[in-house]
Amino acid sequence: MGLLVNRVLSCRDSSLLEPQPEAIARASYIPGSRKRKRNSLEELATSSNVHGPQNQGMYPHQVLNYIYWKRVKISSNDAYQNLLLDGHDSDIKIRALGRTWCLHKVFLCQSGYFANILKGTWRESHHGVINLIIKNEDIDTRSLHFVFAALYTDADLSITPLEVPQVLAAACLLRVDRVIQQCEGIMKETINRNTVCSYYLAAETYRLKAVKMRCFEWLLCNLMVHPSVALYKEVDMKLMYLLALSSDLLVMQKEIDVYTTLKIWMFLYLNPCWNGTMKQLLQHANNWLSTHMAYVDNISFLESEEGLIFQPVFKKLRFQHIICDLTSTTILE
């Protein structure tokens with residue numbers, strides 16, 4: 001619980017000073033900082049509810065000073081159950097995505113986003129309700145609740161790998177560094193064919209360079225060695241272009257295998273609802289391509305209107321390594 005109290009108390013000076021934007025999310029307690037007078041604390045102590053009507057005009061640092069002076073000790077479980085879930089003594093409401101959370105300013109100030117609001121620089125800080133307009137489709141009520149819950153406990157809350165991108169999006173919006181670091185750690189340890197593409201996109205969006213690099217390296221080593229229908233469906237155009245461009249792409253046999261991979265990837269890109277095995281995939285891709293070729297005259301599919309967008313990716317093939325093999329040239333379409 002000591003860590004939780006330290007994090008809460010670290011917000012004391014953030015409401016007294018005007019920090020730089022990059023420092024808002026990392027406010028810390030400074031020894032020797034100005035303290036409240038004893039008589040003010042005694043007046044606060046006479047109230048059994050620091051968030052009652054008589055104290056509605058209090059600033060966040062006054063509440064924090066009251067907590068510090070009284071040396072209130074609550075366990076993480078108590079804070080999570082009584083304060084977050086039950087909303088006891090709530091002094092602020094957060095409304096977002098059709099849901100309302102009854103929360104507490106002393107915990108919310110650990111978020112860089114809310115710390116800025118609670119300084120009083122925004123009009124919303126003078127009301128008991130903050131309305132969040134969230135346009136990011138990756139953020140849902142579950143991921144928002146996870147980030148709010150993290151503010152009320154010392155421990156890292158449980159999260160599944162598939163939930164990480166959504167939680168990361170919410171944590172980046174609210175600027176909660178501890179949750180961002182937790183997501184980054186989980187992503188680094190759980191890269192596989194089910195998570196690699198969503199992790200790569202999230203890492204690129206929220207500038208987690210180390211995670212993005214690990215995901216790309218995983219794809220270079222596994223895209224062709226461990227093919228998967230589900231994996232190929234998730235690789236977008238830009239990512240496949242970068243993979244085909246890289247000289248580090250692991251190819252087990254010949255360059256024609258890269259061509260085959262691109263062909264079945266293109267088929268899945270244009271037919272995302274197709275389901276089947278990898279063994280069936282190549283046959284379906286060939287049949288689909290043959291059907292399309294029957295409707296065009298003397299041009300390849302990549303020259304057709306539908307195929308033009310794939311030209312940049314196929315241009316990254318090392319055709320000099322394909323045409324030198326007679327068997328490979330018969331496969332080209």
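Out of all the residues in segment 292-315, which are assigned to a loop (DSSP other than H, G, I, E, B), out of contact with any Phe, Trp or Tyr (no Cβ under 7 Å at 6 or more places or on another chain) and modelled with pLDDT of 75 or more? Outline the logic, then answer.
Start the filter on segment 292-315 by keeping residues that are assigned to a loop (DSSP other than H, G, I, E, B), which leaves 294-300, 304-307, 315.
Filter once more, keeping what is out of contact with any Phe, Trp or Tyr (no Cβ under 7 Å at 6 or more places or on another chain): 294-300, 304-306, 315.
Hits for segment 292-315 are Ile299, Ser300, Ser304, Glu305, Glu306, Lys315.
Out of the residues in segment 251-284 that are assigned to a helix (DSSP H, G or I) and of a type in the set (D, E, K, R), state the one that is nearest to the chain's Cα centre (by Cα).
Taking segment 251-284 as the starting set, the residues that turn out to be assigned to a helix (DSSP H, G or I) are 255-270, 278-284.
When the remaining residues are screened for being of a type in the set (D, E, K, R), the result is 255, 257, 263, 279.
Details: Glu255: 36, Asp257: 34, Lys263: 31, Lys279: 34 Å.
Top of the filtered list is Lys263.
Per-residue answers, yes or no, for (1) of a type in the set (Ser, Thr, Tyr); (2) in contact with a Ser or Thr (Cβ under 9 Å, 6 or more places away or on another chain):
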| residue | (1), (2) |
| --- | --- |
| Glu189 | no, no |
| Tyr199 | yes, yes |
| Glu204 | no, no |
| Leu223 | no, yes |
| Pro227 | no, yes |
| Asp248 | no, no |
| Thr261 | yes, no |
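When the criteria are applied in full, Ala210 fails the requirement of being in contact (Cβ under 8 Å) with a residue 24 or more places away in the chain and either under 17 Å from Asn194 (Cα atoms) or surrounded by 14 or more Cβ atoms within 10 Å (Cβ to Cβ) (or both).
Cβ-Cβ distances below 9 Å connect the following pairs, each with a first residue in segment 276-287 that is in contact (Cβ under 8 Å) with a residue 12 or more places away in the chain, a second residue that is outside any helix (DSSP H, G or I) and among the small types (Gly, Ala, Ser), and a separation of six or more residues or different chains: Met278/Ser228; His284/Gly276. Say whether the condition of being more than 16 Å from Thr261 (Cβ to Cβ) and β-branched (Val, Ile, Thr) is met by at least one residue in segment 311-321. No, the conditions are met nowhere in segment 311-321. Restricting attention to segment 81-101 and to residues that are farther than 25 Å from Asp138 by Cβ and surrounded by fewer than 19 Cβ atoms within 10 Å (Cβ to Cβ), the residue that is modelled with the highest pLDDT turns out to be Ser90.
Could you list, in sequence order, the residues of segment 175-187 that are among the charged types (D, E, K, R) and either outside any helix (DSSP H, G or I) or over 14 Å from Arg207 (Cα atoms) (or both)?
The initial filter retains those residues of segment 175-187 that are among the charged types (D, E, K, R), namely 175, 177-178, 184.
Scanning segment 175-187 gives Arg175, Arg178.
Let's see how each residue does on (1) free of Cβ contacts under 8 Å to residues at least 12 places away in the same chain; (2) outside any loop (DSSP other than H, G, I, E, B); (3) over 30 Å from Val229 (Cβ atoms); (4) not assigned by TED's automatic domain parsing to the domain that holds Ile92:
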{"position": "Ala115", "(1), (2), (3), (4)": "no, yes, yes, no"}
{"position": "Phe146", "(1), (2), (3), (4)": "no, yes, yes, yes"}
{"position": "Ala149", "(1), (2), (3), (4)": "no, yes, yes, yes"}
{"position": "Ala155", "(1), (2), (3), (4)": "no, no, yes, yes"}
{"position": "Leu173", "(1), (2), (3), (4)": "no, yes, yes, yes"}
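Among the candidates Gln182, Gln166, the residue that is in contact with an Asp or Glu (Cβ under 9 Å, 6 or more places away or on another chain), under 20 Å from Ile94 (Cβ atoms), outside the structural domain of Tyr113 (by TED's automatic domain parsing) and among the polar types (S, T, N, Q) is uniquely Gln166.
The values are calculated or read from the model by the stated rules, or taken from the named source; none is laboratory data. Remember, it's a predicted structure, so these values are computed and weren't measured experimentally. As a convention, Cβ positions derive from the backbone with ideal geometry for all residues, glycine included, and neighbour counts pool all protein chains shown.
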